[in-house]
Structure formats: C-alpha cells, structure tokens
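Everything below concerns the one structure shown next.
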Amino acid sequence: MKKGLKIFRIIYRLIIFVLTYLFQLTKANLLIAKEIVSFHPKVKPGIIKLELDVKRDYEILSMVNLISMTPGSLCVDISEDKKYIYVHEMYVDNVDEMKLKIKNSLEKRILELSK
C-alpha cells in the first residue's frame, strides 16, 4: 500500500506542477497580448539575479527552460557556481516581488517533484 501512496503523491505533485505552469503561461500570454494591442505599452524591462534553491543539473535545466518558455521572460545566464540565474523580464516593477513570484511558483513545484 505504501508504494501506491508514493505513486499517488508523485502524480498529484505532477498535476499541481502542470496546472501551476499553465496558469503562469496563460497569464503571461494575456499580458503580452494586452501590450500588443495597447496604444501606450507599459513595458518596464529589467534583469533579475535570482538565487537558486534547486541544486541538481536537471532541476536547474527545468527551471531555465520553463522561465524561457514563458512569454516576457528569458533566462540569460547561469552563474558558474550554479547558485544564481539571471532572468530578463519584460515587466519589473518590484524586483523582490518578481523573485518571490518565480520562487513560489516554478521553483517550489520543481523542488516538490524532485523529492
């Protein structure tokens, strides 16, 4: 029975991860679409240095790819010690808020999946 419970937890975490990412992806697409049709775009680009909690190469790769696949954001570099990534964002009003958003959505879900 323990094995069945473990599989259920993995499937549950995977579903939550996919739903979280799809929500973020949809939100980003709608924001970009709004900017395209807007007469006065509110683009405020910036580069954020984000400290990573993910440590394994596949976790970092997943994080970088998911960020880069989200419209309006792009991972531009990874520090040599793999402790930081540099993310270009189209809308940076509050750097700390942006960091928390990434850490509490994508990174948190990646860590849950790799347990």
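The values are calculated or read from the model by the stated rules, or taken from the named source; none is laboratory data. In this text, all values refer to a predicted model and were calculated from it rather than measured experimentally. Cβ coordinates were reconstructed from backbone atoms using ideal geometry, including for glycine residues, and neighbour counts include every protein chain displayed.
Here ASP93 passes the criteria (1) in contact with a strand residue (DSSP E or B) (Cβ under 7 Å, 6 or more places away or on another chain); (2) outside any loop (DSSP other than H, G, I, E, B); (3) over 21 Å from LYS115 (Cβ atoms) except the one numbered (2).
Filter region 105-115 for residues that are at pLDDT 90 or above and farther than 10 Å from LEU14 by Cα; which is farthest from the chain's Cα centre (by Cα)? Among them, the one singled out is LEU111. The residue that is farthest from LYS108 (Cα to Cα), among those in region 20-39 that are of a type in the set (A, V, I, L, M, F, W, C) and surrounded by 13 or more Cβ atoms within 10 Å (Cβ to Cβ), is ILE32. Tell me whether region 103-110 contains one or more residues that are in contact with a strand residue (DSSP E or B) (Cβ under 7 Å, 6 or more places away or on another chain) and either surrounded by fewer than 16 Cβ atoms within 10 Å (Cβ to Cβ) or under 22 Å from ILE32 (Cβ atoms) (or both). No.
Residues satisfying the criterion are absent from region 56-70 (criterion: loosely packed, with under 12 Cβ neighbours inside 10 Å, part of a strand (DSSP E or B) and within 14 Å of the chain's Cα centre (by Cα)). Here HIS88 meets each of (1) touching a residue at least 12 places away in the same chain (Cβ under 8 Å); (2) part of a strand (DSSP E or B); (3) farther than 18 Å from LEU31 by Cα with one exception, condition (3). Does LYS42 satisfy being over 14 Å from ILE110 (Cα atoms) and either in contact with a helix residue (DSSP H, G or I) (Cβ under 8 Å, 6 or more places away or on another chain) or of a type in the set (S, T, N, Q) (or both)? Considered against the rule, which asks whether it is over 14 Å from ILE110 (Cα atoms) and either in contact with a helix residue (DSSP H, G or I) (Cβ under 8 Å, 6 or more places away or on another chain) or of a type in the set (S, T, N, Q) (or both), LYS42 comes out as yes. For region 20-39, the set of residues classified as touching a helix residue (DSSP H, G or I) at 6+ places or on another chain (Cβ under 9 Å) and of a type in the set (Ser, Thr, Tyr) consists of THR20, TYR21, listed by residue number. Of the residues screened, PHE17 is one that is in contact with a helix residue (DSSP H, G or I) (Cβ under 6 Å, 6 or more places away or on another chain) and either closer than 15 Å to GLU107 by Cα or in a strand (DSSP E or B) (or both). For MET63, the conditions (1) at pLDDT 90 or above; (2) farther than 23 Å from LEU113 by Cα; (3) touching an Asp or Glu at 6+ places or on another chain (Cβ under 7 Å) all hold with the exception of (2).
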